[in-house]
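What follows is a single structure, written as structure tokens, with notes after it.
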Amino acid sequence: MANSLKTLESITATDLVNLYTNDLYRFAVAKTKNKEISEDLVQDTFIVAVTKLNTFRGESTHKTWLISILRNKISDYYRKKTRENISDKEMDDQTLSFNASGSWNKENIPFVFEETEHLLDNTQFTQVFYDCIDGLPQLWSSVIKMKYVNPTKSKEICKELNITDTNLWQIVHRSKLKLKDCLGTNWIKNN
Amino acid sequence: MSCKKSTELIEKSKIASLSLKEKLYLRLHLAMCSPCTKYSKLSDQIDTLIKAGFNKENETDVISEKRKKEIISILNQIEH
């Protein structure tokens, strides 16, 4: 690879940008589903990289190193979003799925997808799916994203979002019920 | 055990561990409750979809040359 021929000292900020911008950008768009925010996250990543370039020891490739900085930026972004919206704490237990005795409501009985392998190739489905995730309370969607998207250890998620272990699986539980209802209404019923 | 509780245990089991008693109750409940069995499967499917969906990179996503130049000029100001 041409870039690995460059000695560590001689690689410049401009080289890094020219070589890796689109890799970083695609990574960020995949995780945030937001192009504008992704551009900013990529820019912030390079700013951190440039100020730390002299500490880069070559133990990983430049790309791996940049991606690890970007991962942190994405986690910061989830966390910040959560803090901004923490006031609308919809931590109450009002799920439509169950009646007062904890049995399934008839209209909200779970469904199962016939297959999941090709679903994500369907842009109509992905639109509904990402909208449903965006529709979750901020704290919940941050938990989901940190858990599944930027694979973070449960302990760290709890620490970063300031929740307990018990909160964590309760939030995942409520999020899944909400996603079930949202996908049921907006996808299953129409297809 | 209620369906609400059983679905809670399904999620708990994926993150923390269940006590022996919880494991037993859940297994018993799932054996006779088809909606909760469906929930368990749907829960796995949602995990798969989230993981795959948010890791799917798109070749056509590129930053404009103009934006790239902006980034470079910001970086040059920091470097000097």
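The values are calculated or read from the model by the stated rules, or taken from the named source; none is laboratory data. Computed from a predicted structure; not experimentally measured. Positions of Cβ are backbone-derived with ideal geometry, glycine not excepted, and every protein chain shown enters the neighbour counts.
To keep it simple, each residue is scored yes or no on (1) exposed (fewer than 12 other Cβ atoms within 10 Å of the Cβ); (2) within 30 Å of residue B:10 (Cβ to Cβ); (3) in contact (Cβ under 8 Å) with a residue 40 or more places away in the chain; (4) out of contact with any helix residue (DSSP H, G or I) (no Cβ under 9 Å at 6 or more places or on another chain).
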| site | (1), (2), (3), (4) |
| --- | --- |
| B:32 | yes, yes, no, yes |
| B:38 | no, yes, no, yes |
| B:49 | no, yes, no, no |
| B:56 | no, yes, no, no |
| B:63 | no, no, no, no |
| B:66 | yes, no, no, yes |
| B:72 | no, no, no, no |
| B:77 | yes, no, no, yes |
Residue A:120 is checked against (1) touching a residue at least 60 places away in the same chain (Cβ under 8 Å); (2) of a type in the set (A, V, I, L, M); (3) outside any loop (DSSP other than H, G, I, E, B) and fails just one. What number does that condition carry? (1)
Within the stretch A:100-129, the residues that are at the interface with chain B (Cβ under 7 Å from one of its Cβ atoms) and closer than 22 Å to residue A:191 by Cβ are A:104, A:109, A:110, A:111, A:112, A:113, A:116, A:119, A:120, A:126, A:129
Output for the stretch A:23-36, where each listed residue is surrounded by fewer than 17 Cβ atoms within 10 Å (Cβ to Cβ) and in a helix (DSSP H, G or I): A:23, A:35, A:36
Filter the stretch B:42-75 for residues that are within 7 Å of chain A (Cβ to nearest Cβ) and polar (S, T, N, Q); the one that is farthest from residue A:109 (Cα to Cα) is B:58
Give the residues of the stretch A:133-169 that are more than 11 Å from chain B (Cβ to nearest Cβ), within 9 Å of the chain's Cα centre (by Cα) and charged (D, E, K, R), sorted by residue number. none
Could you please find all residues in the stretch B:1-41 being of a type in the set (Ser, Thr, Tyr), in a helix (DSSP H, G or I) and more than 7 Å from every other protein chain (Cβ to nearest Cβ)? B:6, B:13, B:25, B:34, B:37, B:40
Just name the residue that is nearest to the chain's Cα centre (by Cα) out of those in the stretch A:60-99 that are at pLDDT 85 or above and not assigned by TED's automatic domain parsing to the domain that holds residue A:15. A:97
